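J.: One structure follows; several queries about it will come next.
Since every read-out is calculated from the coordinates, none of them should be taken as a lab result. On a predicted model such as this, the values are computed, not experimentally measured, just so you know. Every residue, glycine among them, receives a Cβ derived from its backbone with ideal geometry; neighbour counts consider all protein chains shown.
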Amino acid sequence: MSVLGVGVDIVFLPDFAKAMKKQEFMKRVFSAKEIRFCKSKAFPLQHFAARFAAKEATFKAIEKPVSYLQVEIRTSASGKPSIAFLPQKQARHPACQISMAHVKDYALAFVICTKQ
Ligand SMILES: CC(C)(COP(=O)(O)OP(=O)(O)OC[C@H]1O[C@@H](n2cnc3c(N)ncnc32)[C@H](O)[C@@H]1OP(=O)(O)O)[C@@H](O)C(=O)NCCC(=O)NCCS
């Protein structure tokens, strides 16, 4: 198993909030599952921003171009995030590990992907 790539991204929440005011931006970037998860939180914007950073970090880590909606950030019962490439049946997606954090005006994500 060898490392395919790593990616990191940081989001400034005041700028991200402006983009999120456009409904079309939200629909273009986030899946229904992601929207449901973030909206269930007390401060949805920071969770959306972390997931946006996660998708951008994933783009940096993998070699092929994919769209925002092809990269879904999932959350386990313990809160641990993971990355699913959609559609899942498509063969040979890289295996990516992710970590995210958010504080005040910033959200960030780090991704490391390995070849399968
Ligand atoms: C998990 C924990 C470290 C998050 O730290 P925090 O300072 O509260 O918040 P941060 O901004 O740094 O990170 C938040 C992100 O951590 C990630 N996270 C939450 N639970 C996680 C877990 N069990 N494992 C890995 N990542 C986790 C999520 O991506 C979360 O963002 P999201 O809610 O938008 O999905 C903290 O809640 C904690 O110490 N919990 C108790 C111990 C624990 O559950 N440890 C996890 C290993 S078992």
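J.: Using only Cα atoms and rounding to the nearest 10 degrees, what angle (0 to 90) does helix 44-61 make with the longest principal axis of the chain?
T.: 30
J.: Here is a further query. Dividing the Cα convex hull volume of region 3-114 by residue count, how many Å³ per residue is that? Present the calculation step by step, with values, prior to reporting the outcome.
T.: Details: hull volume 11.3 nm³, N = 112.
That works out to 101 Å³ per residue.
J.: Give, as a single signed number, the net charge of other residues whose beta carbon lies under 14 Å from the beta carbon of Arg92, with Lys and Arg counted +1 and Asp and Glu -1. Mind dumping the intermediate values first?
T.: Working: positive: Lys64, Lys89, Lys115; negative: Glu63.
For residues surrounding Arg92, the net value is +2.
J.: Further question: About the Cα centre of the chain, how large is the charge dipole given +1 on each Lys and Arg Cβ and -1 on each Asp and Glu Cβ? Please answer in debye to the nearest 20. Don't jump to the answer; show the numbers that get you there.
T.: Working: 19 positive and 8 negative charges, 76 e Å.
It comes to approximately 360 debye.
J.: Quick check: the distance between the Cα centres of region 69-116 and region 1-56, to the nearest angstrom?
T.: First find each Cα centre; the distance between them is then 11 Å.
J.: Where Lys and Arg each count +1 and Asp and Glu each count -1, what net charge lies around Arg74 among other residues with Cβ under 14 Å from its Cβ? Display every interim value, and only then the final one.
T.: Working: positive: Lys33, Arg36, Arg51, Lys55, Lys80; negative: Glu34, Glu72.
After counting each charged neighbour, the total is +3.
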